[in-house]
1. Is any residue of the stretch 20-36 close enough, with backbone N under 20 Å, to a label point placed 7 angstrom from the Cα of LYS92 along the Cα-Cβ axis, and if so, which?
2. For the chain, what does -39500 (n - 2.57) per DSSP helix run (n ≥ 4), summed and divided by total residues, give at 222 nm, in deg cm²/dmol to the nearest 500?
3. Students often check this: by mean Cβ neighbours within 10 Å, which of 21-32, 52-63 ranks highest, and how do the rest follow?
4. Going by average Cβ neighbours within 10 Å, how do the peptides 88-98, 35-45 rank, with the highest at the top?
5. Quick one: net charge around PHE2, please, counting Lys, Arg +1 and Asp, Glu -1 for every other residue with C-beta under 13 Å from its C-beta.
6. How would you classify the stretch 83-170 from its alpha-carbon gyration tensor, with a ≥ b ≥ c the square roots of the eigenvalues: rounded for a/c under 1.5, else prolate if a/b is greater than b/c, otherwise oblate?
7. Can you run phi through the Karplus equation (6.51, -1.76, 1.60; θ = phi - 60°) for the stretch 33-43 and list ³J(HN,Hα) in whole Hz, with x for Gly and Pro?
8. State in Å² the accessible area per residue of the chain; use a 1.4 Å probe, count heavy atoms of protein chains only, and round to the nearest integer.
Amino acid sequence: MFSKQLLDAMNEQMKNEFLSAQLYLAMSGYFEAEDLPGIASWMRVQALEELTHGEKFFNFICEAGGRTDFRAIEAPQNDYDSPLDCFEYSLKHENFVTTGIHNLMDLARKDNNHATQIFLQWFVTEQVEEEAAFGLIVKKLQRIGDDGNGLLRFDEDLGQRVFVAPTAGA
Ligand code: FEO
């Protein structure tokens, strides 16, 4: 049911979701090294979420009769100039992921592939939330600036995030 072009793009997006997991885990390592355990934990939760995104693509490709095609994941960036630099990088990465999802939706529309359009709808909404979350953190870090105590309080705040496994179909 997938056209060759759509299946190739679905597999590429699956790769990018798993790449995102590795990138955010690498960022978690950066924050651990910077003695900011709360932000490190936030990034680990983000990495777990990305694994579920990759798995969603895997499951859908299989269920819809496509063939999964795993690709090499390039090494993520490990070091950053500052927490703000790291989150600015993350926001750009999420913009990249959003572009991929929108391009996939365009392809699915062109193919009249209704099931894939419905599957992708969840990701369209999810990307709005992801960009908003990363964008808000960038703004907060800009306001914190060189305020070390402010950064420590923010670290505690972000450390409150917990991973919530998605429910079936969500
Ligand atoms: Fe699944 Fe943050 O993109």
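The values are calculated or read from the model by the stated rules, or taken from the named source; none is laboratory data. Small disclaimer: the values here were computed from a predicted structure and weren't measured. For neighbour counting, all protein chains shown are included, and Cβ atoms are generated from backbone atoms with ideal geometry for every residue, glycine included. We work out accessible area using only protein heavy atoms, side chains counted, and drop any ligands, DNA or RNA first. Shrake-Rupley method; radii C 1.70, N 1.55, O 1.52, S 1.80 Å.
1. Hits in the stretch 20-36 for LYS92 at 20 Å: 20-31.
2. Working: 5 runs with 127 residues, N = 170.
So the helix-based figure for the chain works out to -26500 deg cm²/dmol.
3. Numbers: 21-32: 19.9, 52-63: 16.7.
Highest-to-lowest ranking by the protection proxy: 21-32, 52-63.
4. In decreasing order of mean packing, 88-98, 35-45 become 35-45, 88-98.
5. Values: positive: LYS4, ARG67, LYS110; negative: ASP8, GLU12, GLU63, ASP69, ASP111.
Result for the neighbourhood of PHE2: -2.
6. Details: a/c = 4.83, a/b = 2.11, b/c = 2.29.
Here the stretch 83-170 falls in the oblate category.
7. 5, 8, 6, 10, x, x, 5, 4, 5, 4, 5
8. Numbers: 9160 Å² over 170 residues.
With the other protein chains kept in place, the chain gives 54 Å² per residue.
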